[in-house]
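The values are calculated or read from the model by the stated rules, or taken from the named source; none is laboratory data. Everything numeric in this text was worked out from a predicted model, so none of it was measured. Glycine gets a Cβ as well: all are built from the backbone with ideal geometry, and neighbour counts include every protein chain shown.
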Amino acid sequence: MREFAVFWGCTIQTRFPFIEKSTRLVLESFQLPYRDVDGFTCCPEKSLVNNIDHGAFVLTAARNVALVDELDIDLVSPCTGCVSNLATVKGELNANPREKAEVNSLLKEVGREFKGSSRLQHLVPFFHDAVGIHKIRQKIKRDFTGMRIALHYGCHMIRPSHALKNDDPLNPVKFDNLIRGLGAESLQFSSKLMCCGQGLDRVDEHDRALDFARIKLKELRAIGADALVLCCPSCFLQFDNNQFLMEKEGEKLGIPIIYFTELLGLSLGYSAEELGITNHRIDCSPFLAKWEELSSRPAPSVGIEAGLTGPNVLG
C-alpha cells in the first residue's frame with residue numbers, strides 16, 4: 001500500500017481529540033503506512049473562505065496538496081469537509097492549466113509547487129477500497145451482530161461527486177457496506193442523506209441548525225436506532241453537542257453518536273475509555289450495554305460462513 005499523510009483539519013484536533021486518538025489506534029492496528037506532515041493549515045473551510053475570497057480558498061488548498069505532492073505520497077482524512085475542499089481545488093486546477101500556472105507562480109514564492117498528482121481520500125472510502133471488508137473481518141475480535149445502526153454520510157463525503165469520485169452521490173453504499181461488514185444492521189430511513197445542518201450555526205442560524213438535527217434524531221428514535229454512526233467532525237458537533245443542548249432544554253432524544261473509527265476500534269478490542277467515547281456529550285452507555293448483552297449470548301450452534309451474517313464473537 002502506498003504511504004499516505006493524515007490530514008486532520010482544524011476541528012478534530014482542537015475540539016475532538018478523542019477522534020484523533022481512535023483514528024490513530026485503528027490505523028496502527030491495521031499497520032497502515034501513515035505519517036504526519038508538518039505544515040498543513042486549514043483546508044480551508046469552503047462556506048466561509050470560498051464565499052469571501054475564492055483566490056485565497058484555491059491558493060490555501062493548493063498549498064496543502066503541494067505538501068503531499070512533493071513527498072510523493074497520498075492523503076487520507078477523517079474529515080469529509082477537508083477532503084471535499086481539497087479535492088474540489090485539485091479538480092479545478094487540473095482542469096484549468098492557466099489557473100494552475102497562476103497558483104504555482106504564487107506558491108513558488110514560498111518554495112512550493114502544486115502538481116495535483118496525489119490521491120485524496122476520506123477515511124471511509126479508504127477503508128472500503130484500500131483496506132477492504134475481508135481484511136477488516138479478519139482483524140476484528142467482536143462484531144455488532146444484533147445492533148441497529150443508522151448512518152450519516154454527510155454532504156461532503158460524496159459531493160462534489162465529479163471531484164471525489166468515491167461513491168454514488170445519490171445512492172452511496174460504501175459506508176453501509178463497512179457497517180454491515182462489522183455485523184450490524186445498517187438502517188434505511190428517509191432523512192439518511194439529509195444535511196446535518198451544522199453550517200447554519202456558522203451564520204448565526206442556531207435555531208435552524210437545531211431544526212435540522214431534530215428531524216433526523218426524532219426519526220432515529222422512532223425507528224429504534226441504537227446509535228448514529230458518522231464520519232465528519234462537523235456532523236459530530238451537530239448531533240452530539242447540539243443534541244446535548246436540546247436535552248438541556250428538556251428535549252430528551254437519547255441517540256448515541258459514534259464516530260466510525262470509534263465503532264471500528266470497539267470491534268478491534270479497545271475499550272470505550274481508551275477510544276474516548278466516554279468524553280461524548282451524549283451518553284453512549286445504552287449502546288454499549290446492549291452490545292455487551294448481545295455479545296454475552298451463546299453463538300448459534302449452526303451458522304453460516306463468517307461474513308456479513310456471522311456470529312458476533314469472531315475467532
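Within this structure, F212 passes the test of being assigned to a helix (DSSP H, G or I) and in contact with a Cys (Cβ under 9 Å, 6 or more places away or on another chain). In the stretch 126-140, the residues that are at negative phi form Cβ pairs under 8 Å with partners that are among the basic types (K, R) and surrounded by 20 or more Cβ atoms within 10 Å (Cβ to Cβ), at six or more places apart or across chains, as follows: H128/K174; D129/K174. Taking into account only those residues within the stretch 180-201 that are in a helix (DSSP H, G or I) and in contact (Cβ under 8 Å) with a residue 60 or more places away in the chain, which is nearest to N242 (Cα to Cα)? Looking at residues that are in a helix (DSSP H, G or I) and in contact (Cβ under 8 Å) with a residue 60 or more places away in the chain, I get G199.
So which residues in the stretch 279-298 are part of a helix (DSSP H, G or I) and under 19 Å from the mean Cα position of the chain (by Cα), if there are any at all?
Scanning the stretch 279-298 gives a single hit, N279.
A residue that is among the polar types (S, T, N, Q), farther than 30 Å from A289 by Cβ, more than 16 Å from the chain's Cα centre (by Cα) and not in a loop (DSSP other than H, G, I, E, B) can be found somewhere in the stretch 149-172.
Would a scan of the stretch 142-157 turn up a residue that is aliphatic (A, V, I, L, M), touching a residue at least 24 places away in the same chain (Cβ under 8 Å), farther than 23 Å from R221 by Cα and in contact with a helix residue (DSSP H, G or I) (Cβ under 7 Å, 6 or more places away or on another chain)? Yes, the stretch 142-157 has at least one match.
Those helices (runs of 4 or more DSSP H) of the stretch 31-124 in which 2 or more residues are in contact with a Cys (Cβ under 9 Å, 6 or more places away or on another chain) occupy 54-71, 80-94. The listed residues are V110, V89, and the only one of them that is out of contact with any strand residue (DSSP E or B) (no Cβ under 6 Å at 6 or more places or on another chain), within 30 Å of L151 (Cβ to Cβ) and either in the same structural domain as T11 (by TED's automatic domain parsing) or free of Cβ contacts under 8 Å to residues at least 60 places away in the same chain (or both) turns out to be V89.
Among the candidates N94, N104, N64, the residue that is modelled with pLDDT of 95 or more, under 26 Å from T11 (Cα atoms), out of contact with any His (no Cβ under 9 Å at 6 or more places or on another chain) and polar (S, T, N, Q) is uniquely N64. Taking the listed residues L237, L245, L266, the one that is part of a helix (DSSP H, G or I) and surrounded by 24 or more Cβ atoms within 10 Å (Cβ to Cβ) is L266, with no other qualifying.
Of F127, F114, all but one fail to be surrounded by 24 or more Cβ atoms within 10 Å (Cβ to Cβ), farther than 19 Å from A163 by Cβ and modelled with pLDDT of 95 or more; the exception is F127. Taking first residues from the stretch 275-294 that are on the phi > 0 side of the Ramachandran plot and partners that are assigned to a loop (DSSP other than H, G, I, E, B) and among the aromatic types (F, W, Y), no Cβ contact under 7 Å between residues at least 6 apart in sequence or on separate chains turns up. When each of G39, G55 is tested for being more than 16 Å from the chain's Cα centre (by Cα), in contact (Cβ under 8 Å) with a residue 12 or more places away in the chain and surrounded by fewer than 20 Cβ atoms within 10 Å (Cβ to Cβ), the lone residue that passes is G39.
Could you grab me the full set of residues in the stretch 193-222 that are basic (K, R) and either more than 16 Å from I257 (Cβ to Cβ) or surrounded by fewer than 22 Cβ atoms within 10 Å (Cβ to Cβ) (or both)? Passing the criteria: R202, R208, R214, K218, R221. Scanning the stretch 202-245 for residues that are without any contact (Cβ under 8 Å) to a residue 40 or more places away in the chain and of a type in the set (D, E, K, R) returns D204, E205, D207, R208, D211, R214, K218, E219, R221. Restricting attention to the stretch 247-274, the residues that are within 22 Å of R221 (Cα to Cα), out of contact with any helix residue (DSSP H, G or I) (no Cβ under 6 Å at 6 or more places or on another chain) and free of Cβ contacts under 8 Å to residues at least 40 places away in the same chain add up to 8. Scanning the stretch 239-279 for residues that are closer than 19 Å to L200 by Cβ and either assigned by TED's automatic domain parsing to the domain that holds C79 or β-branched (V, I, T) (or both) yields one hit, I257.
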